[in-house]
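Everything below concerns the one structure shown next.
Any read-out appearing in this document is the output of simple, stated calculations on the displayed coordinates, not a laboratory observation. What you see is a predicted model; the values in this text were computed from it and never measured. Cβ atoms come from the backbone with ideal geometry, glycine included; neighbour counts cover every protein chain shown.
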Amino acid sequence: MRTNLAGPAPGAVHELMDDPASTEEMLRPNLEDLGRINRLTGAVRLVCAYLDRLLPLWRRSRTLGAPLALLDVATGGADIPRAAVRWAARRGVPVRVVAIERHPVTARLAAETSAAFPEIAVVRADARALPFRDGAFDACLCSISLHHLEPADRPALLRRLDRLGRLGFFAVDLVRSPAAHAGVWLLTRCFRNHLIRTDGPRSVRRAYSWAEYRALVAGAGIPNLTVRRVPGFRAALERLE
């Protein structure tokens, strides 16, 4: 039976890396490979470009002496927070990043690999129940993670990111389509890791189509929220004050 990859059932499959039973031996190489994929596909560059757009807003509104406060939701191996710290260092910007991860093993590995970065605090928490007050951060990030939530939870997360980030938020995720499925399948064949090979195509199946992203933004009720296509079969959702 042929699967309709542009169809309306993105929550029908689940990824191995989300399984609570996944072990360190399974997850460590998976997270390392995901970090490589984020660099190869430009996910890190997209985040840094957003931070460049955020920077003048933060400088104008900054409380004297306060660092740039970022929240990274569903951080995985925390490669995006480490990239944000490097970005800040190149620009002479003090930064503090809170990296949220639900999976206990993944959170521990993220903390271990970020131990040399005192600017990063890894916190184990669920993206559906973020334990912070509104406006606690200058901006929030969510990279290739929205599809891990059930479709009903995705609009609520965007609205929560909007409330938490006083200047905005930036979320990037895959766009479900036959071309994306083929491209991700081919990319993941370059890796030996079983989780990458299995979860990559599943990620596409769980992601929204372009039409669904547009409907998500239209129905979210978030002023100034935009969505655009970006390379790598992805959509970028952005809000800047």
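Residues considered: ARG36, ARG160, ARG202. Largest GNM mean-square fluctuation over the chain, using C-alpha springs under 10 Å, is found at ARG36.
At full extension, THR63 and ASP19 could sit 11.7 nm farther apart than now, given 0.36 nm per residue minus the alpha carbon distance. As a ratio to 2.2 N^0.38 Å, the alpha-carbon radius of gyration for region 16-240 is 0.96.
Could you tell me the calculated FRET efficiency between ASP153 and ARG91, based on Cβ-Cβ distance and R0 = 35 angstrom, to the nearest 0.05? Write out the running numbers ahead of the final one.
Values: r = 34 Å, r/R0 = 0.98.
For R0 = 35 Å, the calculated efficiency reads 0.55.
The stretch between ARG124 and ALA49, if pulled fully straight at 0.36 nm per residue, gains 24.3 nm over its current Cα-Cα span. The fewest-to-most ranking of LEU146, LEU34 by surrounding Cβ atoms within 10 Å reads LEU34, LEU146.
Fewest first, what order do ASP173, ASP134, ASP18 take by the number of other Cβ atoms within 10 Å?
Working: ASP173 24, ASP134 11, ASP18 14.
In order of increasing Cβ crowding within 10 Å: ASP134, ASP18, ASP173.
Given a 10 angstrom Cα cut-off, can you work out which residue in ARG60, ARG205, ARG176 is the most mobile in a GNM of the chain? Of ARG60, ARG205, ARG176, the Gaussian network model singles out ARG60 as fluctuating most.
Between ASN224 and LEU40, the C-beta separation translates, for a Förster distance of 30 Å, into a calculated FRET efficiency of about 0.45.
Potential lengthening of the chain between ALA116 and THR198 amounts to 26.4 nm, from the contour at 0.36 nm per residue minus the alpha-carbon distance. Under 5 Å between amide hydrogens, built in the peptide plane, is the criterion, and for ALA99 it picks out ASP72, ALA121, VAL122, VAL123 among residues at least 5 positions away or on other chains. Taking every alpha-carbon pair under 8 Å whose residues sit at least 6 apart, region 64-214 reaches a relative contact order of 20 percent. Rounded to the nearest Hz, the phi-derived 3J(HN,Hα) couplings of region 81-91 under the Karplus curve 6.51 cos²θ - 1.76 cosθ + 1.60 (θ = phi - 60°) are x, 5, 5, 5, 5, 5, 4, 5, 5, 5, 9, where x marks glycine and proline.
Could you please tell me the mean projected area of the C-alpha convex hull for region 158-209, averaged over all directions and given in square nanometres to one decimal?
Values: hull surface 18.6 nm².
Result: a mean projected hull area of 4.6 nm².
Less than 5 angstrom separates the built amide H of ALA69 from those of ARG96, ASP138, ALA139, all sequence-distant by 5 or more or on a different chain.
When GLU150, GLU238 are sorted by how many other C-beta atoms sit within 10 angstrom of their C-beta, beginning with the fewest, the order is GLU150, GLU238.
By the gyration tensor of its Cα atoms, with a ≥ b ≥ c the square roots of the eigenvalues, what is the shape of region 23-79: rounded for a/c under 1.5, prolate for a/b over b/c, or oblate? Mind dumping the intermediate values first?
On the way: a/c = 4.90, a/b = 2.08, b/c = 2.36.
Oblate.
Using a Gaussian network model on the chain with a 10 Å cutoff between Cα atoms, which of GLY77, GLY65, GLY92 fluctuates the most? Comparing GLY77, GLY65, GLY92 in the GNM, the peak value goes to GLY65. Once the Cβ-Cβ distance of ARG214 and ARG108 is raised to the sixth power relative to R0 = 41 Å, the FRET efficiency obtained is 0.60.
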